[in-house]
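*Asks:* Just dropping this structure here.
The values are calculated or read from the model by the stated rules, or taken from the named source; none is laboratory data. As the structure is a prediction and not an experimental result, all values here were calculated from the model. So basically every Cβ, Gly included, is an ideal-geometry build from the backbone, and we count neighbours across all protein chains shown. When the accessible area is computed, the model is the full protein with side chains, heavy atoms only, and any ligands, DNA or RNA have been set aside. Shrake-Rupley method; radii C 1.70, N 1.55, O 1.52, S 1.80 Å.
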Amino acid sequence: MADRIYINDWRAPGHSIVASSHEEETQLEALQRYAEKLKSDLEKHNHLREPMIALYTPKSSNLAKAMINWESKSQYLLAEIVKYEKYVESLKAAMKERLRRQGEKALERALRSSSTPALNPSRSATDLPRDGSTESQEGEGDVVTPGPHQVKFNK
């Protein structure tokens, strides 16, 4: 009976061409889930091969057509798995690079702010030396305690 039916050529489904508006983390999770679904679909597809072959008489044209369709879908699923795993790898690499750059920028900001000499907030601009240094003008023997409540001691 299976030899008297008409078998259409299998065609891969069309692809959506819509850009994602989700955050990278959400995209990554969705891509990983889809890649796992594709693997599951391929496993199911592989289990259908033997029962499909049993439906047709050996060397029939419908068996040949069914095998061509089966192989086409198998190749499609494999290609999709590879493609989505590449998407996942690329997105992970992009996320790592973004985090690395953010870390570098934070480090640069921290280094810039720590290399700027801390000025005593209780000192006015007229107390500072004219050459831009933060040295006290009063004498080299002076000791100033650190912190917000700086106390000046003469040696």
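*Asks:* Pick from A64, A79, A94: which is over 24 Å from E29 (Cα atoms), among the small types (G, A, S) and in a helix (DSSP H, G or I)?
*Replies:* On the way: A79 fails: over 24 Å from E29 (Cα atoms); A94 fails: over 24 Å from E29 (Cα atoms).
The match here is A64.
*Asks:* Taking N46, is it modelled with pLDDT of 95 or more, closer than 17 Å to W10 by Cβ and touching a helix residue (DSSP H, G or I) at 6+ places or on another chain (Cβ under 8 Å)?
*Replies:* yes
Rundown of residues vs (1) modelled with pLDDT under 90; (2) open to solvent by 80 Å² or more (accessible area, probe 1.4 Å), yes/no style:
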site	(1), (2)
P51	no, no
S61	no, yes
S74	no, no
V82	no, yes
E89	no, yes
K92	no, yes
K96	no, yes
R112	yes, yes
S122	yes, yes
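*Asks:* Also, I was wondering about something else. When you go through (1) closer than 30 Å to K96 by Cβ; (2) surrounded by 10 or more Cβ atoms within 10 Å (Cβ to Cβ) one by one for S21, which number turns out not to apply?
*Replies:* (2)
*Asks:* Another question about this same structure. Could you tell me whether any residue of the stretch 25-46 is part of a loop (DSSP other than H, G, I, E, B) and either free of Cβ contacts under 8 Å to residues at least 12 places away in the same chain or within 15 Å of N69 (Cα to Cα) (or both)?
*Replies:* No - not one qualifying residue is present in the stretch 25-46.
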